[in-house]
Amino acid sequence: MDHWISRKHYALAVVTVLVVCGGIVCAGDWSCARSTDESQQGAFRFPDTPAGRAAAAYVHAFNSQNDEQMKAFVTDYRPQSYIEERPMEERISQYHKLHDTFGTLSPLRTALSIDPQITFLARGSNVKGVLVFRFQVDEAPPHKIVFISTSSMGSSEMSENEILRMANDKNILRVADRAQPVDDRLIEETARAVARILDEKYVDPTIGKAMGDTILSYLADGRYADTKIAGQLAEALTQAAVDVSSDKHIWIEAGRC
């Protein structure tokens, strides 16, 4: 399923005047690389990591406009559960629609790379602006793809230089973090963690408890059940906290902790 996320590596970061959880970190024994300027180092190359190889194979198949190559990519890189979820013909039809929307993909640079994940910036020949891709693969061989997320940055009103200035690593990673898929378990874990932090850390204990209790009540009522991505969940949790406290210095944002 695409709506799975590794709780070991992701969380929703609570940001208030008192609580700051931030920073991109590289943990464990994974190799980790921040972005490099490929324009100064020759042609773009995906990193030789499980996620990098999956992303490279995807871009190659996507740009081929060849159904057999895309079928081969799905078979080689997607888990059996994904393949069985929908007929292959539907997958290929979806690919055609994406190709019509994006056009040919031209990767520009890698914003962050760890063995099971890559976030990179690309152009689409049919897109005004740039695209942010994130690939997550299983940590264990054969490193099947867990999810692919795609977001856009920029608009038709912005100049080329404005778009490229905006597309710095910090903004790229923020866009990718917000596009992360969430599942029921992560929604519950995140809501409970946010409620606990507000209860324990907010400057006014009474209001902090009220914010936490409201979030837990909304969780029990199923208000967050239809949330699909981290950015939507962050906005819903922020709104609940602000509605109770009237403190607009509180916000909850998708991030890596």
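The values are calculated or read from the model by the stated rules, or taken from the named source; none is laboratory data. A quick note: this is a predicted structure, and the numbers were derived from the prediction, not measured. Virtual Cβ from ideal backbone geometry, glycine too; neighbours counted across all protein chains shown.
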## Note on the structure
Reported set for segment 40-91 where residues are basic (Lys, Arg), part of a helix (DSSP H, G or I) and either over 14 Å from HIS143 (Cβ atoms) or not assigned by TED's automatic domain parsing to the domain that holds LEU112 (or both) is LYS71, ARG91
### Message
Can you find a residue that is at pLDDT below 95, under 17 Å from SER155 (Cβ atoms) and surrounded by 20 or more Cβ atoms within 10 Å (Cβ to Cβ) anywhere in segment 108-121?
### Response
yes
#### Entry: Set THR36, THR16: member being modelled with pLDDT under 95, in the same structural domain as ALA241 (by TED's automatic domain parsing) and not hydrophobic (A, V, I, L, M, F, W, C)
THR16
### Query
Taking segment 132-149, which residues are of a type in the set (A, V, I, L, M) and crowded, with 22+ Cβ neighbours inside 10 Å?
VAL132, VAL137, ILE145, VAL146
### Task
Examine segment 155-166 for a residue that is crowded, with 18+ Cβ neighbours inside 10 Å and not acidic (Asp, Glu), and state whether such a residue exists.
no
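Yes/no matrix, rows are residues, columns are (1) on the phi > 0 side of the Ramachandran plot; (2) assigned by TED's automatic domain parsing to the domain that holds LYS71; (3) without any contact (Cβ under 8 Å) to a residue 40 or more places away in the chain:
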{"residue": "THR101", "(1), (2), (3)": "no, yes, yes"}
{"residue": "LEU105", "(1), (2), (3)": "no, yes, no"}
{"residue": "LEU112", "(1), (2), (3)": "no, yes, no"}
{"residue": "THR119", "(1), (2), (3)": "no, yes, no"}
{"residue": "GLY154", "(1), (2), (3)": "yes, yes, yes"}
### Query
Of the residues GLU84, GLU68, GLU90, which single one is out of contact with any Ser or Thr (no Cβ under 9 Å at 6 or more places or on another chain) and more than 19 Å from PHE147 (Cβ to Cβ)?
GLU68
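Quick grid of which residues meet (1) outside the structural domain of SER113 (by TED's automatic domain parsing); (2) under 23 Å from the mean Cα position of the chain (by Cα); (3) at pLDDT 90 or above; (4) over 28 Å from GLY129 (Cβ atoms):
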site	(1), (2), (3), (4)
LEU164	no, yes, no, no
LEU173	no, yes, no, no
GLU189	yes, yes, yes, yes
LEU198	yes, no, yes, yes
LYS201	yes, no, yes, yes
GLY208	yes, no, yes, yes
MET211	yes, no, yes, yes
SER217	yes, no, yes, yes
### Task
Of all residues in segment 198-222, count the ones that are assigned to a helix (DSSP H, G or I) and buried (at least 20 other Cβ atoms within 10 Å of the Cβ).
6
### Subset of segment 230-250 (residues that are surrounded by fewer than 19 Cβ atoms within 10 Å (Cβ to Cβ) and within 16 Å of VAL175 (Cα to Cα))
GLN232, GLU235
